[in-house]
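Asker: Okay, here's the structure, questions in a sec.
The values are calculated or read from the model by the stated rules, or taken from the named source; none is laboratory data. Because the structure is a prediction, the values reported are computed rather than measured. Methodologically, a virtual Cβ is constructed for each residue, glycine included, from the backbone with ideal geometry; neighbour enumeration extends over all protein chains shown. With ligands, DNA and RNA removed, areas are computed over all heavy atoms of the protein, side chains included. Shrake-Rupley method; radii C 1.70, N 1.55, O 1.52, S 1.80 Å.
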Amino acid sequence: MSQIIFPDPEWANDDGLLAFGGNLEPDTLLRAYSSGIFPWSVQPITWWSPDPRAIFEIADFRLSHRMARLYCSGRFSFSLDKKFVEVMHGCARSAPGRETTWISPEFIIAYTRLYELGDAHSVEVYFEDRLVGGIYGVAIGGFFAGESMYSELPSASTMGLMFLFEHLRNRGFELFDSQVITPHTARLGAVNIERTDYLHRLKAAVGKDCSF
């Protein structure tokens, strides 16, 4: 078991950087997420707790009318936890506008361990039985940390996100962490909240008895 002790998240600098070092063992990662902290590099390992913090409101997530029609059309199909490693590799691949990635081989190994322990999860998106997108993240109680998503077809990752939110709502989850807001997640409805508010909501969410 990891003996890593993290600083108070409120000690992070203006960019959100909190600490260096440690390891990516499962217990370390779970302790970090439960404390409002996440890793973002491996050489060195860095730990972050930005303020403000980006989240999706699970209960309020909605698609546009056009996207909702596409979601209900049956053109895409979905699965959970069937191809976790493939989804991680998809998220790690370069793409237009994302030529580099923080998802290194060390991250793939670390989060695959979490998946094998039942703490990390994936959504797979298929078009004509071909994997075309996905999302992965970490679940603790009623909290889900969305780590990354990818799409090989237009709208595939958005379809996967809708499927994931429906699943989380049905399971009683109440907090979805998006870490830092991007133009893409902002268009989908991500919002920023103050870190103090995030930490308060996180404590309540991880204490819930939910099963992914």
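Asker: Compute the relative contact order of the chain as a whole-number percentage, counting only Cα pairs closer than 8 Å that sit 6 or more residues apart in sequence.
Answerer: On the way: 379 pairs, mean separation 52.6, N = 212.
Here the relative contact order equals 25 percent.
Asker: A follow-up question, please. Would you mind giving the three semi-axes, in whole Å and largest first, of the ellipsoid equivalent to the range 125-212 according to its Cα gyration tensor? Can you show the working numbers first?
Answerer: Working: eigenvalues 121, 53, 16 Å².
One finds semi-axes of 25, 16, 9 Å for the range 125-212.
Asker: Magnitude of the Cβ-charge dipole of the chain, K/R +1 and D/E -1, about the Cα centre, nearest 20 debye? Don't jump to the answer; show the numbers that get you there.
Answerer: On the way: 19 positive and 26 negative charges, 140 e Å.
About 680 debye.
Asker: Mind jotting down the distance between the C-alpha centroids of the range 111-134 and the range 26-86, whole Å?
Answerer: Cα centres, the range 26-86 to the range 111-134: 12 Å.
Asker: Whenever you get a sec, compute what percent of the accessible area on the range 83-197 sits on carbon and sulfur atoms (1.4 Å probe).
Answerer: Numbers: 2580 of 4880 Å².
Of all accessible area on the range 83-197, carbon and sulfur atoms account for 53 percent.
Asker: So, for the chain, what is the accessible surface per residue at a probe of 1.4 Å, expressed in square angstrom?
Answerer: In whole numbers, the chain has 49 Å² accessible per residue.
Asker: Hey, got the Cα dimensions of the range 56-201 along the principal axes, in Å, largest first?
Answerer: 43, 39, 30
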